[in-house]
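**Student:** Can you read through this structure? Questions will come right after.
The values are calculated or read from the model by the stated rules, or taken from the named source; none is laboratory data. In this text, all values refer to a predicted model and were calculated from it rather than measured experimentally. Here the Cβ is made from the backbone with ideal geometry for all residues, glycine too, and neighbour counts use every protein chain on show. What goes into the accessible areas is simple: the full protein's heavy atoms, side chains included, and nothing from ligands, DNA or RNA. Shrake-Rupley method; radii C 1.70, N 1.55, O 1.52, S 1.80 Å.
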There are 2 protein chains.
Amino acid sequence: MKQNPSKQKVIKAASTLFFQKGFHGTSVRDIAERASVNVSSISYYFNSKQGLLEYAVTNYYENYLFTIEKTFNETNLLTPIDKLHSLISTIIQYKQNNYQLTCFIQRELSLDSVFVREMTVTYLAKENFYLKNIFFELLGERLKNDYKQYLFMQLKGMLITPYILHNDWKNQVVGDYSHQLFVKKYVRVIKDWLDFTVMSGEGIKRKAVY
Amino acid sequence: MKQNPSKQKVIKAASTLFFQKGFHGTSVRDIAERASVNVSSISYYFNSKQGLLEYAVTNYYENYLFTIEKTFNETNLLTPIDKLHSLISTIIQYKQNNYQLTCFIQRELSLDSVFVREMTVTYLAKENFYLKNIFFELLGERLKNDYKQYLFMQLKGMLITPYILHNDWKNQVVGDYSHQLFVKKYVRVIKDWLDFTVMSGEGIKRKAVY
DNA sequence: AATATATCCTTCATTTTTCACTCGACAAAT
DNA sequence: ATTTGTCGAGTGAAAAATGAAGGATATATT
């Protein structure tokens with residue numbers, strides 16, 4: 001796993017710069033300079049700027065899905081709701097561990113390009129699969145399908161907002177931006193929402209839902 | 001208020017292209033072509049590509065804040081919670097009416113540039129002001145300040161997710177992407193969350209919050 | 001009313017800048 | 001000695017910006 005240091009340096013530099021300035025906003029020269037390597041190295045390792053992007057993103061998602069699947073399989077003995085909690089925790093954890101790439105990719109995903117569409121069908125479809133089934137199962141039969149979709153989007157929103165509103169988060173969420181602490185607390189916030197939502201789905205307390 | 005049609009055409013074209021391909025991903029030629037005007041017109045009206053961006057964004061936010069302030073002042077007779085609901089409704093409404101710019105700006109805001117920072121202090125600070133005070137007031141005294149911040153971020157997240165996960169929304173939220181219908185339904189989803197959250201803040205039902 | 005003047009808008013041609021990528025030489029490692 | 005990695009210079013294309021000139025329209029002057 002110990003790769004060429006230059007290659008790693010390039011990826012690291014690219015992650016940071018893409019995160020700060022976006023893909024098109026960053027030039028290969030910028031990356032090379034930050035990584036303290038020659039510009040040509042980038043072509044050498046990744047063929048092109050686009051190649052570098054694809055390498056980084058693919059890598060990110062492969063590990064991402066692997067991590068999710070792992071948790072998914074390890075939590076078969078838990079109740080559905082606990083299983084979902086575990087998945088959420090794993091996801092936030094992973095994203096926090098790969099903070100810059102997460103922010104960058106999330107932003108880039110909102111564009112309209114071939115690359116994005118490929119990523120979506122290849123990786124995001126799977127992520128969706130793991131979450132959606134279990135979430136819908138938890139919601140039960142009482143709610144309208146329509147409304148369930150909205151709730152699901154709400155959940156997905158919670159899984160990404162820290163990586164989109166990251167400026168707000170930094171400013172608002174006082175002091176402790178230690179990753180571990182953040183994961184713990186934020187997962188808790190989602191958990192509270194989730195428990196309430198599922199409870200509503202079971203017909204308790206919430207009246208006349210659509 | 002009836003401005004030069006060419007100028008308007010440029011802004012419209014730019015909004016669409018920035019939305020699809022991002023700021024750096026779009027060339028002024030693309031914009032000029034789509035708007036059916038000469039390339040130099042853009043320099044003429046906005047000095048530069050950057051100038052065009054700033055004009056569009058500034059304009060967007062001026063109106064945005066104006067709309068919020070209007071609602072804010074018109075709802076003084078309502079209870080705090082209803083006032084907040086009104087504000088949320090207004091915000092979603094506005095964003096939906098300026099869909100492409102909203103998506104684009106939201107994405108761009110997650111970058112790290114001087115321009116973004118300026119926008120943040122100039123406009124987003126005010127938006128924050130209107131929402132935060134009232135939201136915190138509603139939450140009461142029981143919750144830890146820390147936790148309130150998280151809840152507030154959760155709220156802000158809900159106000160933007162449709163404009164960041166717009167690909168997901170299009171795919172998932174079945175059929176009806178009619179703006180009016182969407183506003184109505186989505187505001188309802190947020191309302192449910194809000195009512196629950198406020199209720200928890202008052203100490204009902206939710207136990208051992210932090 | 002007719003002409004002159006100024007202002008606003010558009011176009012074309014050109015320059016300047018930026019950027020991704022290539023090439024061939026050189027060095028290090030195996 | 002062959003592979004692997006590094007480097008500087010260079011190329012061509014793309015894109016932004018400029019500037020001068022031409023038209024249109026409105027305003028002012030006689």
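**Student:** I want to confirm something. Restricting to the stretch B:32-44 and keeping residues that are closer than 15 Å to B:I11 by Cβ and near DNA strand D (Cβ under 8 Å from one of its atoms), which single residue is nearest to the other protein chains (Cβ to nearest Cβ)?
**Tutor:** So, considering only residues that are closer than 15 Å to B:I11 by Cβ and near DNA strand D (Cβ under 8 Å from one of its atoms), the one nearest to the other protein chains (Cβ to nearest Cβ) is B:I42.
**Student:** For the stretch A:65-99, which residues satisfy the criterion of being among the aromatic types (F, W, Y) and under 30 Å from A:S40 (Cα atoms)?
**Tutor:** Residues of the stretch A:65-99 that are among the aromatic types (F, W, Y), as a first pass: A:66, A:72, A:94, A:99.
If the condition is that a residue be among the aromatic types (F, W, Y) and under 30 Å from A:S40 (Cα atoms), then A:Y99 is the only one that fits.
**Student:** From the list A:E127, A:E202, A:E141, which one is in contact with a helix residue (DSSP H, G or I) (Cβ under 7 Å, 6 or more places away or on another chain) and of a type outside the set (S, T, N, Q)? Please lay out each step first, then the result.
**Tutor:** Working: A:E202 fails: in contact with a helix residue (DSSP H, G or I) (Cβ under 7 Å, 6 or more places away or on another chain); A:E141 fails: in contact with a helix residue (DSSP H, G or I) (Cβ under 7 Å, 6 or more places away or on another chain).
On inspection, the qualifying residue turns out to be A:E127.
**Student:** Could you say whether any residue in the stretch B:153-166 is in contact with a Phe, Trp or Tyr (Cβ under 7 Å, 6 or more places away or on another chain), open to solvent by less than 10 Å² (accessible area, probe 1.4 Å) and within 20 Å of B:K21 (Cα to Cα)?
**Tutor:** Looking for residues that are in contact with a Phe, Trp or Tyr (Cβ under 7 Å, 6 or more places away or on another chain), open to solvent by less than 10 Å² (accessible area, probe 1.4 Å) and within 20 Å of B:K21 (Cα to Cα), one finds at least one in the stretch B:153-166, hence yes.
**Student:** Would you pick out the residues in the stretch B:166-190 that are at pLDDT 90 or above and at the interface with chain A (Cβ under 9 Å from one of its Cβ atoms)?
**Tutor:** Passing the criteria: B:K185, B:Y186, B:R188, B:V189, B:I190.
**Student:** Sticking with this one: Every residue in the stretch A:91-122 that is within 13 Å of chain B (Cβ to nearest Cβ), touching a helix residue (DSSP H, G or I) at 6+ places or on another chain (Cβ under 8 Å) and either of a type in the set (S, T, Y) or surrounded by fewer than 19 Cβ atoms within 10 Å (Cβ to Cβ) (or both), please.
**Tutor:** A:Y99, A:Q100, A:T102, A:S110, A:D112, A:S113, A:F115, A:V116, A:T120
**Student:** List pairs: first residue in the stretch B:24-38 and over 19 Å from B:E108 (Cα atoms), second residue of a type outside the set (A, V, I, L, M) and within 11 Å of DNA strand C (Cβ to nearest atom) anywhere in the structure, Cβ distance under 6 angstrom, at least six positions apart or on different chains.
**Tutor:** Pairs found: B:A35/B:K9; B:V37/B:S6.
**Student:** Using beta carbons and a limit of 7 Å, which pairs, at least six apart or on different chains, have the first residue in the stretch A:138-163 and within 14 Å of B:N171 (Cα to Cα) and the second one among the basic types (K, R) and part of a helix (DSSP H, G or I)?
**Tutor:** A:Y150/B:K185; A:F152/A:K132
**Student:** Scan the stretch B:1-31 residue by residue and report those that are of a type in the set (V, I, T) and within 11 Å of DNA strand D (Cβ to nearest atom).
**Tutor:** Quick first cut of the stretch B:1-31, residues of a type in the set (V, I, T) only: B:10-11, B:16, B:26, B:28, B:31.
Selection gives B:T26, B:V28, B:I31.
**Student:** Please enumerate the residues belonging to the stretch B:9-40 that are over 25 Å from the mean Cα position of the chain (by Cα) and open to solvent by 70 Å² or more (accessible area, probe 1.4 Å).
**Tutor:** B:R29, B:E33, B:R34, B:S36, B:N38, B:S40
**Student:** Report whether or not B:T16 is more than 14 Å from DNA strand C (Cβ to nearest atom) and over 20 Å from A:R107 (Cβ atoms). Let's see the steps before the verdict.
**Tutor:** Working: more than 14 Å from DNA strand C (Cβ to nearest atom): yes; over 20 Å from A:R107 (Cβ atoms): no.
Answer is no for this residue.
**Student:** What do you reckon, is B:S43 touching a Phe, Trp or Tyr at 6+ places or on another chain (Cβ under 9 Å) and either open to solvent by 30 Å² or more (accessible area, probe 1.4 Å) or within 11 Å of DNA strand C (Cβ to nearest atom) (or both)? Step through it out loud before you land on a result.
**Tutor:** Details: touching a Phe, Trp or Tyr at 6+ places or on another chain (Cβ under 9 Å): no; either open to solvent by 30 Å² or more (accessible area, probe 1.4 Å) or within 11 Å of DNA strand C (Cβ to nearest atom) (or both): yes.
Spelling it out, it is not the case that B:S43 is touching a Phe, Trp or Tyr at 6+ places or on another chain (Cβ under 9 Å) and either open to solvent by 30 Å² or more (accessible area, probe 1.4 Å) or within 11 Å of DNA strand C (Cβ to nearest atom) (or both).
**Student:** A further question follows. For B:E74, are the conditions met, namely being touching a residue at least 24 places away in the same chain (Cβ under 8 Å), more than 10 Å from chain A (Cβ to nearest Cβ) and of a type in the set (D, E)? Steps first, please.
**Tutor:** On the way: touching a residue at least 24 places away in the same chain (Cβ under 8 Å): no; more than 10 Å from chain A (Cβ to nearest Cβ): yes; of a type in the set (D, E): yes.
Answer is no for this residue.
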